[in-house]
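The values are calculated or read from the model by the stated rules, or taken from the named source; none is laboratory data. The shown structure was predicted, so the numbers you read here are calculated from the model rather than taken from an experiment. Cβ coordinates were reconstructed from backbone atoms using ideal geometry, including for glycine residues, and neighbour counts include every protein chain displayed. Protein only, heavy atoms only, side chains kept; ligands, DNA and RNA dropped before computing areas. Shrake-Rupley method; radii C 1.70, N 1.55, O 1.52, S 1.80 Å.
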Amino acid sequence: LPRLLADDATPEAISKLMTEQDGRIAIFSAEGGILETADGRYSDGVANIDIFLKGHSGDSVRIDRKNGPPQFIPKPCLTLCLDVQPDVIETLASKNGFRGRGLLARIKFAILKSNVGYRSMETTPVSTSLKQNWQQAVAKLLTYPDPADGEEHAIRLSADARRKFQDYRMEIEESLRPGANLSEIADWGNKLAGSVARFAGVLHMLGHAYHGYDGYPWSVDISGEIMEKAITLGEYYRAHALVAF
């Protein structure tokens, strides 16, 4: 059966799920247990983060084990969304190879300010129309066809979007210089431009589905307006990464 989400799973189970689900799965959790598992909680302290690294970059995965069938994922796509306590983030740097091998460089952090003491006792529920629009957009996304074997649906940038993206890439490059904004977290900063490109693709796809446009999203170039929104997200996560690290 199709699976979109998983929660408490070992890296081996995640690889198996992704093999079964055409290379894609999302881990959504209100806790950080998946990070403890990746750090070797069930494997005598031996960290296993390959599926997280390759699931971000799309590098092919080949797994051969004597106690199971071979697994091959040509283009893995793993989404990881964790809502954790601050102390979980504080301990990430001590995990086996999490920073040295680039796992922390792949994560986008959001360090939120506590509202305790200032919360309202009555909150406005999410409107029915907003929930319906969201459900319709997600359902629409799921109707888009997968590319045939050996092919891909390439989403291209308009001239305006490309110019804005190239200017932003240059600004990031200058921020990586010694003493500049991103110099202390160059491992994370090196992946910021790629993240913004991903944001633009996601916003483009979702906007196309949300507004019910005809045709497929890859038949339309990403606009300069969408790229500006993606860059705004990039700047949000840059500020929070500086706090997190």
- Surface accessible to a 1.4 Å probe, per residue, for the residues of the chain, Å²: 64
- So, with a 1.4 angstrom probe, what is the percent of accessible area on segment 101-245 that is carbon and sulfur? 53
- Between Rg and the Kirkwood Rh of the chain, both from Cα atoms, what is the Rg to Rh ratio? 0.97
- Per the rule of 0.36 nm per residue minus the C-alpha distance, extending residue 65 to residue 36 adds in nm 8.2 nm
- Message: Within segment 97-111, list the residues whose amide N lies under 13 Å from a label point set 7 Å along Cα→Cβ of residue 190.
- Response: 99-106
- Between residue 80 and residues 5 or more places away or on another chain, the pairs with built amide H atoms under 5 Å apart involve 27
- Message: How large is the Kirkwood hydrodynamic radius of segment 126-172, counting all unique pairs of alpha carbons, in Å?
- Response: 14.3
- Modelled label-to-label distance, residue 91 and residue 13, 7 Å Cα→beta-carbon offset: nm? 1.9
- Task: Please identify the helices of the chain, taking whole runs of DSSP H, that span at least 18 Å along their own axis as judged from the Cα atoms and have a mean Kyte-Doolittle score of 0.0 or higher.
- Result: 192-210, 224-244
- Task: Once you have a ≥ b ≥ c as the square roots of the Cα gyration tensor eigenvalues for segment 1-145, tell me rounded if a/c is under 1.5, and otherwise prolate or oblate according to whether a/b is larger than b/c.
- Result: oblate
- Isotropically averaged projected area of segment 60-100, using the convex hull of Cα atoms (one quarter of hull area), nm²: 4.8
- Query: Between residue 154 and residue 221, what is the spin-label point distance in nm, taking each point 7 Å from the Cα along the Cα→C-beta axis?
  - Reply: 1.4
- Considering only DSSP beta bridges with both partners in the chain, what is the antiparallel share in %, to the nearest 5? 30
- The answer for the per residue Cα convex hull volume of segment 139-245, in Å³, is 126
